[in-house]
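Working notes for the structure below.
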Amino acid sequence: MPESETKRGAHHALAEGLACLDVGEHREPLVARSIAAIAETHAQAIIISSEALEGLFRNRQNTMVFFNRVQELNLQPKLILFPRNQPQWINSSYASTVKSFRRSDSFESCAFGFAQSPDARFWRWIELAETHGAELIARPFSKETLRRGVIPEFLQSIGITSSQFRDRGVRRNEAVGPFTVSVAREVLRSIGKEMTWLQAKRCKVELAQYLHENRLTDSGYCGLSTALARHVEEELRSDNDVFARQVWGNSWADVFAADVTQEFRPNDFEMRRPDWFVARRFRRAISKMKNFAHQTLLDPALAVDAPWNDVAHRSGLVSREYIENYSRCGV
């Protein structure tokens, strides 16, 4: 496992560096150390774990550069993918991006848009693996997987017995709840523009701390209704079946039997208004965080105009700066 910039082991800087994106001077030494360690290690396998790869692989140039760099390091790439039934995936992804101050649209708008997006279709990973000579290892991220524990499932997928490790059943990334999501969304709407990466990160940390100190930390966000979940599943049914039959030799409904029959009741504050007591605490939290957010926007150190500080750039979207950096890499 290469060195990481976070306590939880995410290799975002390394993933961006291998794709030749501008990671910023403050992260360049980390990327250089990680690549040097990969080149020198005698380990049989190297794990690079980063959600940033999903965004990076949306772009053909990013993808080509990444796999070229992997090949230069004499590595045989394997893509480990945990597909999830899309309604549950949308629900989790929405809560995560909103709490991170990276989106402020309604859940329904997000869900309908995502169902129409190529990103919601898993067959693209089959094409990507075939194009770049990578082995695709796909494991369903289902309710059954959650019950057994995703960590043992991941370790098994790369040929490691989970009994060798302690804390293998611990789930460290718990989802937030409707209070957290609604506060972050209202604050970002009040600003009326996107934040930089550093601004959003500062607000995310402050909100989590405020909620913890005031015993307002919540979990279990749900923007889905049962009807919306079934609509999304129907939109993606044929694509899902093509992927599932090719990868697992079974229909999507059979693989995700408990997921496609799950019923939902939304608790998003835009769909279910909170009672007067929660509403009062909600208004206080919004007021506090609005003041903090506007002060954050005034800090020039957080407003640095650089690709590594741009949320869209770090999500894999190409900019002019990327093209220039791409040329400097000589790839």
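The values are calculated or read from the model by the stated rules, or taken from the named source; none is laboratory data. Everything quoted here is computed from the prediction, not taken from an experiment. Every residue, glycine among them, receives a Cβ derived from its backbone with ideal geometry; neighbour counts consider all protein chains shown. Surface accessibility is based on the protein's heavy atoms, side chains included, excluding ligands, DNA and RNA. Shrake-Rupley method; radii C 1.70, N 1.55, O 1.52, S 1.80 Å.
General remarks:
- Accessible surface of D275 - all protein chains present, 1.4 Å probe, nearest 10 Å²: 90
- Overall form of the range 1-85 per C-alpha gyration tensor (a/c, 1.5; a/b vs b/c): rounded
- Longest segment of the chain lacking trypsin sites (Lys or Arg not before Pro) that sit in a DSSP loop with at most 12 other Cβ atoms within 10 Å: 9-165
- Shape call, the range 64-199: gyration tensor on alpha carbons, a/c limit 1.5: prolate
- Portion, in percent, of the accessible area of the chain that falls on carbon or sulfur, probe 1.4 Å: 49
- Counted charge near E186, where neighbours are those whose Cβ lies closer than 11 Å (Asp, Glu -1; Lys, Arg +1): +3
- In a DSSP loop and with at most 16 other Cβ atoms within 10 Å, the GluC sites (Glu not before Pro) in the range 223-318 are E263, E270.
- A 1.4 Å probe run over the protein chains yields, for the chain, 55 Å² of accessible area per residue, whole-number rounding.
- Sites W276 and S219 - FRET efficiency at Förster radius 30 Å, r taken between beta-carbons, to 0.05: 0.85
- Calculated from the structure at hand, semi-axes √(5λ) of the Cα gyration tensor in Å is found among (1) 32, 28, 19; (2) 38, 26, 18; (3) 30, 23, 18 as (1).
- Over the chain, dividing the summed -39,500 (n - 2.57) contributions of all DSSP H runs of at least 4 residues by the number of residues returns a 222 nm mean residue ellipticity of -16000 deg cm²/dmol.
- Of H212, H12, H42, the order by accessible heavy-atom surface (1.4 Å probe, DNA, RNA and ligands excluded), from most exposed downward, is H42, H212, H12.
- Short-range pairs are left out: with C-alpha atoms under 8 Å and at least six residues apart, the relative contact order of the range 106-209 is 13 percent.
- In Å², nearest 10: area of V242 left accessible to a 1.4 Å probe: 90
- Nearest-10 value in Å² for the accessible area of T261, using the 1.4 Å probe: 90
- For the range 1-56 versus the range 95-121, the gap between their alpha-carbon centres in whole angstrom: 27
- The residues neighbouring A115, those whose beta-carbon lies less than 13 Å from its own, together hold a net charge of -3 under the Lys/Arg +1, Asp/Glu -1 convention.
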